[in-house]
1. Can you order the peptides 181-188, 264-271 by their average number of other Cβ atoms within 10 Å per residue, highest first?
2. May I ask you to rank W292, W155 by accessible area, largest first, using a 1.4 Å probe over the protein chains only?
3. List the residues of segment 107-125 whose backbone N lies under 14 Å from a point placed 7 Å from the Cα of A41 along the Cα-to-Cβ direction.
4. Would you mind computing, in nm to one decimal, how far apart the modelled labels at T254 and T535 are, each placed 7 Å from Cα along Cα→Cβ?
5. So for M575, M366, what's the accessible-area order with a 1.4 Å probe, most first?
6. Work out how much length T55 to N324 would gain on full extension: take 0.36 nm times their residue separation and subtract the Cα-Cα distance, in nm to one decimal.
7. Using just the helices of the chain, give the 222 nm mean residue ellipticity in deg cm²/dmol: DSSP H runs with n ≥ 4 each add -39,500 (n - 2.57), and the total is spread over all residues, rounded to 500.
8. Can you give me the angle between helix 2-25 and the longest principal axis of the chain, using Cα atoms only, in degrees from 0 to 90, rounded to the nearest 10?
Amino acid sequence: MKTSYLKIFGLLMAALTIGFTSCKKDETPATPAATLAVSPAAQNVGSLAGTSNFTVTSNSTWNVVSDQTWCIVTSGGVGNGTIVTNYTENTTTSQRVASITITVSGLAPKVITITQGSMNSVTPLNQDVPATPAGLVNFAVSASGAWTAISDQPWCTVTASGTGNGNIEANYTSNGTTIQRVANITVTIAGVAPIIVTVTQAGGSNVVEVSGEISGNVNWTADKQYLIKGFTYVVDGAVLTIAPGTIIKGDKLTIGALIVERGGKIIADGTATNPIIFTSNAPVGFRNRGDWGGLVLCGKAPVNNGDPQIEGGPRSHYGGSDANDNSGILRYVRIEYAGYPLQPDKEINGLTMAGVGAGTIIDYIMVSFANDDSYEWFGGTVNAKHLIAYRGLDDDFDTDNGFQGKLQYLFAIRDKNVADVSGSNGFESDNDATGSTNAPITKPTFCNVTIIGPRKDATTSNINANYKNALHLRRNTQTCTYNSVFAGYLGGLLLDGALSQTSAVNGVLQIRNTILAGTSSASTFFSVPSNSTMTKDSLTPWYLTPAFANDTIVNNADLKLTNAFNLDQPNAVPMAGSPLLGTADFTNTNLQNSFFTAETFIGAFGTTDWTSGWAVWDPQNLSYGTK
């Protein structure tokens, strides 16, 4: 009996549970909040009678009212729907506006408008059309008499004339360029001042994606843009010719980089008014260092490290025995936001030249916002003039592995906030990574160089601690520098290593007719590592040997440069009375070569700013849709 009572009790409890559960399921769900959206917010219509529709998105009952008797509207609806407006002809000479109010209980009213053109008017005043395909748009003419229409662009043809109310049909062709274009259509109605309406056509993307290998003779033209995806190689025997004004972008996701291999050529011969631009694929305001790989030239000129592979990841090798090897032409070229850190200390630079020969032309190049060195040479004999290094991360000009080229007119300017953890310098030079005596020895010849570091004067604060020296010459380099000025680095000259110091004492490594200025203190113009052949006390008199005609200047202001430390618009042209003017010397035997132009000034500039017209100091805000 006890067991039966327990079973009966269990059945009763189960029934109660089901009952309560059923009651919960019968509860009324909460009413969702009311919603209301109407589009478009406004419409323009012609003077003729007609209808226009507005789309209502709502979950509630809505009501509609117009404030004008000439515009009659749908009275209302429930849920999603359409407001139909019926408007009469406007026979006046003034446009008129009807405000239409839509209400939903509990919500603020929404007001939309219809603007009706007057008699003797044209609507709308502008129409936007896509780049492709070709098509047509209509403009409504409200006229009391005869009218004519004419377009100022051959790609947009229009109805020539009419009488009274009518339409202008504008037929446009496809836009085969990347540039937006506008056709102005002048409508003349008898007795009324001319009315101008426009057709604005978007530019086409015209972006050509490039990847893998480039072989044969290939031309890139300025009416297209080119997107480099991944490591892209101009192979042996290929010639890539790039027209002035062409824009080439690098893809960040795939580390886009253009590598000209041994035996390949690039002919990128821009002009002062139409430079060739290698840049980031990011939009305005979002560009940054390292947005793509960079530009790499690999040649067959001598190097001192065998048959090396280029650093940073590409497959390419460089070097050979042809000192006059020709990798092509780079002239009036800007390279922006390049340099990709594939591995620590294995980045691709802004412009890398590896085993590049003297038959190659490098002139008027600007590397901006590089993510490693702005320029680096690995061996080779290529010469270069008019180089700008602007706001790079690591070194401005880095020479290694037996580079023996000649360089004139170099300008670098640094951002005090940005430097590399490896230590950022104006010049960095090594014979090789171990400082060996492998030949050829690194011995570039620099002349007419202006290096502007991060420190303007004693008031400059918060300089990145990774900034080091204007010149770091080490590991058996024999770098020679003439008629140059180095200003605003925390340290001046660091002469590093017994072999380089011996070369300096023996007159093989030379610094002549050069000024060091504006270091963090007068005591930091010169330094050597501990346990060196030379001491700081012996390096100082070596540099200041009277026959060398070198100098140190404590304050950068005494250089009398126009506005050299202005990052936004730098100008390093010397002003009247500058110690850089009239003090150059080209009698040194290392300068007795037809490559060098004998000047009267020290530094990269005399009275002319050769950066003017083609250099850009704010590529972040430059729209590359229109170059």
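The values are calculated or read from the model by the stated rules, or taken from the named source; none is laboratory data. Note that the coordinates shown come from a computational prediction; the quantities given were computed from them, not determined experimentally. Virtual Cβ from ideal backbone geometry, glycine too; neighbours counted across all protein chains shown. These accessible areas exclude ligands, DNA and RNA; they are computed on the full protein's heavy atoms, side chains included. Shrake-Rupley method; radii C 1.70, N 1.55, O 1.52, S 1.80 Å.
1. 264-271, 181-188
2. Ranked list, largest accessible area first: W155, W292.
3. 110-114, by backbone N distance to the label point.
4. 6.0 nm
5. M575, M366
6. Difference between extended and current length: 89.7 nm.
7. -2000 deg cm²/dmol
8. Its long axis makes an angle of about 90 degrees.
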